[in-house]
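For reference, the structure is listed below as structure tokens.
The values are calculated or read from the model by the stated rules, or taken from the named source; none is laboratory data. From a predicted model like this one, the values you see are computed outputs, not experimental measurements. Here Cβ is always computed from backbone atoms with ideal geometry, including for glycine, and neighbour counts include all displayed protein chains. With ligands, DNA and RNA removed, areas are computed over all heavy atoms of the protein, side chains included. Shrake-Rupley method; radii C 1.70, N 1.55, O 1.52, S 1.80 Å.
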Amino acid sequence: MPFGHDMVHSLAVVVDLVNTSPSTGGEDRLTDLQELGDFVERWQISGIGELGAADLSQVRALREAFHRVFTVSDHATTTTWLNALLSETRITPRLTEHDGHPLHVHYFAPDASLHEHLSADLGVALAHLLVENEWERLRTCSAPDCDNVFFDESRNRSRVYCDSRTCGNRMHVAAYRARRRV
Ligand SMILES: [Zn+2]
Ligand SMILES: [Zn+2]
């Protein structure tokens with residue numbers, strides 16, 4: 001801490017991607033090219049050509065792989081998995097300024113597909129998180145009916161809900177009602 005803007009951005013993309021999966025308890029929100037296009041637009045993922053069915057199936061598979069990193073607790077497994085992901089991805093670090101963003105590093109190869117782009121940039125961000133010993137900040141929501149994942153940026157790593165306004169608020173109301181009942 002504090003994390004660089006690129007790191008925070010990449011982790012927010014991982015979290016959003018994983019949370020589109022029904023594995024996190026909600027509806028599948030990455031079912032067609034329209035939803036994949038929305039995802040690309042939402043995160044201003046640059047250098048992506050026209051998207052096709054292959055992009056959709058590859059990104060859906062990557063989403064499940066990223067979900068595993070939130071549930072694996074031992075670092076040896078995470079290290080092996082991240083090395084496998086990075087070794088299968090073409091990585092070309094280069095400095096860039098585009099679309100009004102300050103100078104930052106892109107890791108994906110210049111002609112990368114969406115899946116390669118995400119594997120490279122998000123894989124590198126996760127590798128740095130592991131190296132910096134901040135892996136425990138990748139969490140799953142504590143609400144019993146929600147398995148959304150989140151990245152805990154709080155100073156004392158105290159966050160337990162994916163969203164304080166929804167799950168956090170809901171759980172506080174439930175706790176309040178339970179106290180009133182006794
Ligand atoms: Zn960029
Ligand atoms: Zn939640």
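What value, in deg cm²/dmol to 500, does the helix sum -39500 (n - 2.57) over DSSP H runs of n ≥ 4 give at 222 nm once divided by the residues of the chain?
The helix contribution divided over the chain gives -16000 deg cm²/dmol.
Would you work out the charge dipole size for the stretch 1-99 about its Cα centre, treating the Cβ of every Lys and Arg as +1 and the Cβ of every Asp and Glu as -1, and quote it to the nearest 20 debye? If you can, show how the numbers build up before the last one.
On the way: 7 positive and 15 negative charges, 74 e Å.
Here the stretch 1-99 has a charge dipole of around 360 debye.
Under a no-solvent Debye model with one identical scatterer per Cα of the stretch 33-84, what's log10 I(q)/I(0) at q = 0.19, 0.29 Å⁻¹?
Those come out to -0.75, -1.08, one per q.
Answer with one residue from His128, Val15, Cys141: the one whose Cα lies farthest towards the positive end of the charge dipole of the chain, charges on Cβ with Lys, Arg +1 and Asp, Glu -1.
The residue sitting most towards the positive pole is Cys141.
Would you mind telling me the share, in percent, of accessible area of the chain contributed by carbon and sulfur at probe 1.4 angstrom?
About 52 percent, which is the carbon plus sulfur part of the accessible surface.
How big is the stretch 1-100 along each principal axis, measuring the range of its Cα positions in Å and listing the largest first?
37, 36, 28
Taking H as built 1.01 Å from N, whose amide H comes closer than 5 Å to the amide H of Phe108, not counting residues under 5 places away?
Thr92, Asp121
Are there trypsin sites (Lys or Arg not before Pro) in the stretch 46-155 that DSSP puts in a loop and that have at most 16 other Cβ atoms within 10 Å, and which ones? Show your work: numbers first, answer last.
Numbers: sites: Arg60, Arg63, Arg68, Arg90, Arg94, Arg137, Arg139, Arg155; in loops: Arg90, Arg155.
Within the stretch 46-155, the qualifying trypsin sites (Lys or Arg not before Pro) (loop, at most 16 other Cβ atoms within 10 Å) are Arg90, Arg155.
To two decimal places, what compactness ratio does the chain give when its Cα radius of gyration is scaled by 2.2 N^0.38 Å?
For the chain, the normalised Cα radius of gyration comes out at 1.10.
Å³ per residue of the Cα convex hull, for the stretch 92-182?
Per-residue hull volume (Cα only) is 152 Å³.
With a cut-off of at most 10 other beta carbons within 10 Å, and DSSP calling the residue loop, which GluC sites (Glu not before Pro) in the stretch 17-80 qualify? Please list them.
Glu27, Glu50
Output the direction-averaged projected area (hull surface divided by four) of the convex hull of the alpha-carbon atoms of the stretch 117-170, in nm².
For the Cα atoms of the stretch 117-170, the hull's average projected area reads 4.5 nm².
Using a 10 angstrom cutoff on alpha carbons, build the Gaussian network for the chain and name the most mobile of Gly100, Gly37, Gly123.
Gly100
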